């Protein structure tokens with residue numbers, strides 16, 4: 001049986017994200033407004049993602065509603081996308097999903113950090129409980145299946 005904990009502060013949320021990222025072995029799936037609260041540009045977060053992506057069979061899929069902050073202010077993340085395009089997908093969600101206000105970080109189907117509203121720290125950490133993570137995994141897959149615009153780390157054209 002796994003562990004489930006309510007998080008009420010940004011400090012607790014950041015700690016839960018760090019815990020989740022450090023335990024990733026196979027898959028990381030993220031749905032978020034613009035990734036700003038996940039702080040992937042911090043050196044330790046960036047190195048954790050890079051180490052994850054170097055693992056054989058690792059798969060990172062990120063769906064964002066607002067890509068401009070990612071494209072403009074996340075050079076480290078974009079460098080990882082350029083280097084690991086074979087196992088890292090970044091997608092701008094379809095416009096009709098703009099009203100979704102939650103945020104999901106899912107790791108290896110048994111760990112999740114679920115922020116209930118993008119503007120607030122209040123969230124839930126689920127550890128070692130595939131059954132409790134399953135509805136959130138299903139939600140992510142439904143969001144992903146709606147399609148959108150794949151984002152690239154390289155510019156086309158002149």
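The values are calculated or read from the model by the stated rules, or taken from the named source; none is laboratory data. What you see is a predicted model, and the numbers here were worked out from it, not measured in a lab. Heads up, the Cβs are rebuilt from the backbone with ideal geometry, glycines too, and the neighbour counts pull from every protein chain shown.
Residues are listed down the side, and each one gets a yes or a no for (1) at pLDDT 95 or above; (2) farther than 18 Å from residue 153 by Cβ:
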position: 21; (1), (2): no, yes
position: 30; (1), (2): yes, no
position: 61; (1), (2): yes, no
position: 70; (1), (2): no, no
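Yes/no matrix, rows are residues, columns are (1) modelled with pLDDT of 95 or more; (2) crowded, with 19+ Cβ neighbours inside 10 Å; (3) in contact with a strand residue (DSSP E or B) (Cβ under 7 Å, 6 or more places away or on another chain):
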site: 96; (1), (2), (3): no, no, no
site: 104; (1), (2), (3): yes, yes, yes
site: 115; (1), (2), (3): yes, yes, yes
site: 141; (1), (2), (3): yes, no, no
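Just to be sure I understand, how many residues within the stretch 38-57 are surrounded by fewer than 18 Cβ atoms within 10 Å (Cβ to Cβ) and outside any helix (DSSP H, G or I)? Adding up the residues that qualify gives 6. Determine if the stretch 23-37 includes at least one residue that is surrounded by fewer than 19 Cβ atoms within 10 Å (Cβ to Cβ), farther than 19 Å from residue 119 by Cβ and without any contact (Cβ under 8 Å) to a residue 60 or more places away in the chain. Checked the stretch 23-37: no residue is surrounded by fewer than 19 Cβ atoms within 10 Å (Cβ to Cβ), farther than 19 Å from residue 119 by Cβ and without any contact (Cβ under 8 Å) to a residue 60 or more places away in the chain. For the residues 60, 81, the requirement of being touching a residue at least 40 places away in the same chain (Cβ under 8 Å) and surrounded by 18 or more Cβ atoms within 10 Å (Cβ to Cβ) singles out 81. Evaluating residue 14 against the criteria (1) out of contact with any helix residue (DSSP H, G or I) (no Cβ under 7 Å at 6 or more places or on another chain); (2) touching a residue at least 60 places away in the same chain (Cβ under 8 Å) leaves one unmet condition, (2). Restricting 86, 46 to residues that are out of contact with any helix residue (DSSP H, G or I) (no Cβ under 8 Å at 6 or more places or on another chain) and either at positive phi or at pLDDT below 95 (or both) narrows the list to 86.
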